[in-house]
C-alpha cells in the first residue's frame with residue numbers, strides 16, 4: 001500500500017493537473033483547474049502544493065507577473081488554503 005502524501009504536498013504520482021513552466025528562481029511550474037478553482041505550484045525543489053479557492057484571474061495574474069515568485073509570496077502564499 002502506497003503512503004499518502006502529507007497535506008499540502010502532492011507527489012507527481014498523485015498530481016494530474018498539467019503544469020506550465022515559469023521563469024522564477026523559486027517556482028518551476030504552475031497549473032490551474034478552473035472547475036475546482038485549484039492552483040498547483042511546483043517549486044524548484046520538486047514539491048507541488050495545491051491551493052484551493054483561487055480565482056482564475058489570480059492564476060492569470062501569477063503567470064503574467066514580472067516576478068512570479070514575488071507575486072506568489074504577496075498574493076497567494078498565506079492567502080489561499082493549502083489543500
Fill in: For 62, 19, order by how many other beta-carbon atoms lie within 10 Å, fewest first
19, 62
Worksheet item: Over all Cα pairs of segment 21-82, how is the pair count split among 5 Å bins, expressed in % and running from 0 up to the last occupied bin?
Response: 4, 21, 35, 29, 11, 1
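Readers should treat all values here as calculations from the given coordinates under stated rules, not as data from a laboratory. All values derive from a computational prediction rather than experimental measurement. Cβ atoms come from the backbone with ideal geometry, glycine included; neighbour counts cover every protein chain shown.
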